Every structure is written in C-alpha cells, then in structure tokens.
1. Dipole of the chain (Lys/Arg Cβ +1, Asp/Glu Cβ -1, origin at the Cα centre): which of A136, G355, A445 lies farthest to the positive side?
2. Determine the relative contact order of the chain: mean sequence separation of Cα pairs under 8 Å and six or more apart, normalised by residue count, in whole percent.
3. Which whole-percent values make up P(r) of segment 2-168 when all C-alpha to C-alpha distances are grouped in 10 Å steps starting at zero?
4. Straight-line reach from K92: which lysines have Cα under 23 Å away, leaving out those fewer than 8 places along the same chain?
5. Enter the Cα centre distance for the pair segment 249-321 and segment 1-62, rounded to the nearest angstrom.
6. Search the structure for amide H atoms under 5 Å from the amide H of H414, placed 1.01 Å from N in the peptide plane, and list their residues when 5 or more places away or on another chain.
7. Can you tell me the dipole magnitude for the chain around its Cα centre, using point charges on the Cβ only (Lys, Arg +1; Asp, Glu -1), in Debye to the nearest 20?
8. List the aspartates and glutamates whose Cα sits under 14 Å from the Cα of K385, skipping any in the same chain fewer than 8 residues away.
Amino acid sequence: MSAGAVLLRAAAHAGYYGLMTQLFGAQVRGGESAALVQVSTQPIDSQPDRYDLFVALDWEKVEQFAAEIPLDEASVIIADPAAGAVPPGIAKSKGRVVALTMGDRNATKLERGLLGRRVNMFAAGLVGALIGLNEANLQAAAEAVFSDKGADVIGANAKGTAAGIAAAASLTLNVRLDAPTAAARWLISGNQAIAFGALRGGVRFVGCYPITPATDLVEWLAPHLIKLGGRLVLGEDELASINLALGASYGGTPAMTVTAGPGFSLMVESLGLAVAAESPLVLVDVMRAGPSTGIASKTEQSDINLALYGAHGDAPRVVMAPVSVADCITTAEYAVYVAESLQTPVIVLSDQALGQATTVIDPSDKRPAPLKRRLNGAAASKPFKRYAIGGDPVTPMPLPGTPQHEWVAEGLSHNEAGLPASGAGPHVAQINKRAKKIARFDPGAYWGETWGTGDTVVLAIGSTIGAAREAARRLSAAGHQMRVVALRVIAPLPTEALSRALAGARRIIVIEQNHSGQLYHYLVGQKAIPPNAESVARPGPLPFRPSEIASYVV
C-alpha cells in the first residue's frame, strides 16, 4: 500500500491522472495486500480490464487476490527469483516473467529495513522510473507519504527508491507514458471526499465506531473537524454512535455518523427514532460484502434494501449515492443540506471500491446551494406546536431552551406538541406529515447524471458507474451508442427527472453489485422502468470491468 501511495503521489506531482484501489485481507494490522495503480494522461473512471505490469514483492497468499488482478499475455510480471516460482493463479495469465533481484536476500528482514533495502520502496522506484517519472518526484512523494516517520525511516526509504530507479535502467519494457499536461489537481480518496463534503456542508459533530471500510473516513475527518471547532466522539458501539449524533442534532449542531453494513444494521432502531422525532442526521454507509460480517475489506452494493426500508413501521427517509470519487464531495455536502432543511435522516450509500479508491482529479467547484434548518417558532402569544399539522410539513425546530418554544423529541407516536399519544388521529396525522415532506422533496439538478446518447441505456449507482461510462466510450468509438444514467438520489425516487433521462430508450439495463437485483426490483416496484428492463446483478467482490459491460450490451 505504501509503495502504491508513493507511486500515485509521484504521478500526480508529475501531472498525470491516476487511481489506486486496494486489496487486503480481514486482518486488523499487516498481512497480505496488493495496491492496484493506474496512471494516465486522461481522467480515470474505473478499474481496467487488465494491468500492464505486475510487481511481486513476495508470493505470500497471492492466490487470494489473483482473480482481482487481471493479467494477460501482454502483461509483464516482475519478481525476485529468490521468492520462488510464479504461483498458478498468476502464471495462468501467460504474461512475460522478468526475473529481478530486489535487495539483498541474504540479509534478514530487519537488516534489509535498517540498511535501506526496503523491497516496497525499491518497487516504487522501479515502476516509477519505467513509466517515466523522474527521481525528484519519486523521492518527494516518498518523503510526503512517510512525513510522520523519523529521519532514519525517510533515509532508508530514499535509498530503497534510488535502488529501484537504478535497477530500471537494466530493463527494456514498453510501459513508458506519454508526457502529461500539467495542471493543479487533487489527490483524494472517496472516503476523504465524503468527509470534506460533510465539512463543507456544516457538519460539526460526528459520532462513530470503527468499522472497515469506513474507518479511514473518520480518521481523516477527526483532526480537520477539530480545526473547525467541531468534535468527533468514539462511541462504545454503533447504537451509541448514532444516538450521540442524534443528541448533537437535537442540540442544533449538524451531525453525522459513519459506518458499514453490520454497523448500519445495529443503527436501524435509532434511525426510526430520527424519523419519528424529525431530527436531521447524515448516515454514511460505506458498503461491503455481506451478509453478517461478510468480507470486511471487499466491495458490494448489497445494502440498498436496508437503506430504503430498514426500520419498522412507516419510516420515510432520503437515500443518496455518489456517482464518482469527485462527486463524493458534492453528494455529502448536499446530504447535509437536505437533512437539515427537511429535518430527516439522509443516508449516503458509498461502497468500498469507491470509498477506498484514491484518485487524481481536477478540483471540484460544483457546490449545491446551502439549505438551513428552520428554527423560527410561532409567535409568543400562541402555544408552540413542534409537530403542527395543516401547514408546511417541515415545522419549526427551535433550539433547546428557546423561551416559550419548548418541545419534546419523542419516539413514541405523539401529538402536535410532541407529547405521547396513542389515538388513531394523531398517529395517522404525524405519519402523513412525515411522508408529505419527503414526497415533495425535489432534488432538481442533483437527482443524478447522464452521459452519452442512443436508445440503449445502462442505469447504475456508485462504483459501477465508472465502468459503465468507460464501456460507453469504447462502444461509441466502435460505432455503438450507449447512454449511461446514474442515480444520485435513490429515495424518494425522482421519477420525472428519471423519466426524462430514459426517454426514447429501447433497452434499459440495470447494473448493480449484489445477488438479488435490489436496485432493479426497487425501480420496477416504483414503476420507474418497464418490467422488460434487464437486470445484470452479481455480488462482489469482483468489480464490473468495462469490457464485461460492453460485451453484454452488444
């Protein structure tokens, strides 16, 4: 991971676009891992069909990842012969194997680290030099990645990087990149982008509990939140975390909680409380493979049903999904505004492939118009009714302690004043009130995105969108037009905007990364797509590749 981070940062400094995705097991610390890095003169939307170059630092447990590292006969495999034979899962690609000694294999692991013979930094320098990055960029990137380490570590890494650069001169490989177009760009991950967008939107309190693959989101968020006067509190579990956030929201502070599937399951009870009490809340779910504990470090889009329907009773909420790493910023900021203005929970569905992808993007200047919580209450001469019926369903939510505007945030069925009421009238009236404010929500231009033309439409959310867009580009170049429609707002479904986006479609294909076609069945149930629309649904962790989508379409 460190070698991949150095390589990507060096490429970004040189002016290239890039994308790094991560493969790792369920271990808490250390263990097997692989960094999948792409570098290009053009923006990168998705993981590729194949990799040009594979560098093996060792072969330990590589078979676990082989299916997720597509290689072919044109790929080059660089490995130290002292590490042993190329394993079957890699060898079956029939890629060209290049033997290269990486450091002093007679030294112990500790000696190699202390003396600057670090194999991972050797690999970063080797690959960087092969694709045309200069030593200054590579060394500066290594120093930046390890800036929190001591001078001895930085010095050892510099030696390892230099050794890899020198070794590249002995190899003749056709992997050198064209010169880039230099410009100011951002190096950011999807999780960092959501955190950044939430801060832009005004979130100043986060209650959370560590869970892969969402932990690095709050790790990045915590120090930046403090700089802005906010606070992040680590709860003892997921229930405590969402309740902490609800308490902060009740107190008038825009609040958020961050989790993944198993944690989301535990938060469902309090999600219902947020709906009933009409408390603003942003809940970020970085989806991973399930059910139960599933595969903690691998991606899947199988929490759609949970986001849409999780909670007993009628509990309407807003559900959104970013359309790209860059859009994680916009969607998170917009989610805060919607939660605050509608006084409702907003669920942001990311996924591991999106959240833990680090990419080089052009700076994002797309920002939604700010929306605020309605604080003003009724005139002092009238009794204040927090949940008043008959007017605007988004009723005033004064700050606690506002004179003559006291109110109760109650999970029990309640009357207009917020006091528990078990009669049919108040119960139905409050259900209708909450449903009305969600149903009338209009996201306008933020409903989703469309690309391309043609009467064949691929509809997707999250990390599958990038692969669909790349497939559309390839098909267009071959004379086959394909349209891509990406939903940003999933619930309440923006039916009119979606209908316009699908106008003229002869063929509609819903692509999603889960076994049961959750998005497809939701759209059919909402009568947003015809029953003869096609469902292409399969579980993770293998991502959709552009060639897979293109082959299906034609």
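1. A445
2. The value is 13 percent.
3. Going out from 0 Å in 10 Å bins, segment 2-168 shows 10, 38, 40, 12, 0 percent.
4. Leaving aside lysines fewer than 8 places away in the same chain, those within reach of K92 are K61.
5. Answer, in whole Å: 30.
6. Here the answer is A421, since their amide H atoms fall under 5 Å of that of H414.
7. On the way: 47 positive and 47 negative charges, 183 e Å.
Here the size comes out at about 880 debye.
8. Within reach: E278, E406, E410, E416.
A short reminder: the numbers here are calculations on the coordinates, not readings from a lab. Computed from a prediction, not measured in an experiment: that's the story for all the values here. Because the Cβ atoms are built from the backbone with ideal geometry, glycine has one as well, and the counts that use them run over all protein chains shown.
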